[in-house]
Amino acid sequence: MDFKNLYLNFSGRIRRSHYWIGAIVLSVGAGVLIGVVMMVFGGMGAQMGGGDGSAMALGGLLISCVIYLGVLYASLALMFKRIHDRGRGAIFLLLLLVPLVNLWPTIELLFLDGTQGENQYGPSPKGITSAAPTAAA
C-alpha cells in the first residue's frame, strides 16, 4: 500500500480494507503527534509560567491547527477515493453534513463493496476486470 498516494491523491479508487487501514493509521498518527506537541509546548509553558508560558501554549495550539488541517486533507483524499470505488462522485460526501441522512454515506464508505470492474473513476482496486460473472445456462 502506497501511503503517499493514499493520503495525497484525490483521484482513483481504494478498497475498503485500504480505507480502514489508512483511516486508523491517520487517526493514531495524528493523535500521537498532537499529544507530543501539546506535552512539549504545554509542559514548557507550565514550567516557564507567566506571559512566556501562554505564548508557548499558543505556539502548541497553532502547530496543532496545522496538523489538523493536514489530517483533514488526508481524510478527504481517503473518502474521495473510497466513494469513487462505490461509483459515486465526491459531491455525495456532502450528505455527511446532514443529520440522520449521514448514515447512508457512512455505511457506503465503511461497509459496502465497491463497483465490480472498471468504473468512471478507474480500474477496480481488487483487479477485477469484468462487471459481473455470467452464469452458464
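For the reader, a short list of remarks on this structure follows.
- Selection of first residues in the range 1-22 that are on the phi < 0 side of the Ramachandran plot and of a type in the set (A, V, I, L, M) and of second residues that are surrounded by fewer than 15 Cβ atoms within 10 Å (Cβ to Cβ) and assigned to a loop (DSSP other than H, G, I, E, B), restricted to Cβ pairs under 7 Å at least 6 apart or on distinct chains, gives the following pairs, ordered by first then second residue: Ile21/Met1.
- Of the residues making up the range 65-97, those that are over 17 Å from Asn5 (Cβ atoms) and either touching a Gly at 6+ places or on another chain (Cβ under 6 Å) or of a type in the set (D, E, K, R) (or both) are Arg86, Arg88.
- Residue among Val25, Val101, Val37, Val71 that alone is free of Cβ contacts under 8 Å to residues at least 24 places away in the same chain and either under 30 Å from Thr129 (Cβ atoms) or in a helix (DSSP H, G or I) (or both): Val25
- Qualifying residues in the range 56-114 (those that are among the small types (Gly, Ala, Ser) and closer than 30 Å to Val37 by Cβ) - the one nearest to the chain's Cα centre (by Cα): Ser75
- Failed condition for Lys81, given (1) touching an Asp or Glu at 6+ places or on another chain (Cβ under 6 Å); (2) in a helix (DSSP H, G or I); (3) charged (D, E, K, R): (1)
- Checking each residue in the range 104-116 for being assigned to a loop (DSSP other than H, G, I, E, B) and surrounded by fewer than 14 Cβ atoms within 10 Å (Cβ to Cβ) picks out Phe111, Leu112, Asp113.
- Taken over the range 90-122, the criterion of being closer than 24 Å to Leu8 by Cβ and of a type in the set (Asp, Glu) is satisfied by Glu108, Glu118.
- Selection from the range 1-16 of residues that are surrounded by 11 or more Cβ atoms within 10 Å (Cβ to Cβ) and in a helix (DSSP H, G or I): Phe3, Asn5, Leu6, Tyr7, Leu8, Arg16
A quick yes/no check of all residues on (1) farther than 15 Å from Phe10 by Cα; (2) exposed (fewer than 12 other Cβ atoms within 10 Å of the Cβ); (3) modelled with pLDDT under 95; (4) hydroxyl-bearing (Ser, Thr, Tyr):
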position: Ile63; (1), (2), (3), (4): yes, no, yes, no
position: Arg88; (1), (2), (3), (4): no, no, yes, no
position: Gly127; (1), (2), (3), (4): yes, yes, yes, no
position: Ala135; (1), (2), (3), (4): yes, yes, yes, no
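The values are calculated or read from the model by the stated rules, or taken from the named source; none is laboratory data. Small disclaimer: the values here were computed from a predicted structure and weren't measured. Here the Cβ is made from the backbone with ideal geometry for all residues, glycine too, and neighbour counts use every protein chain on show.
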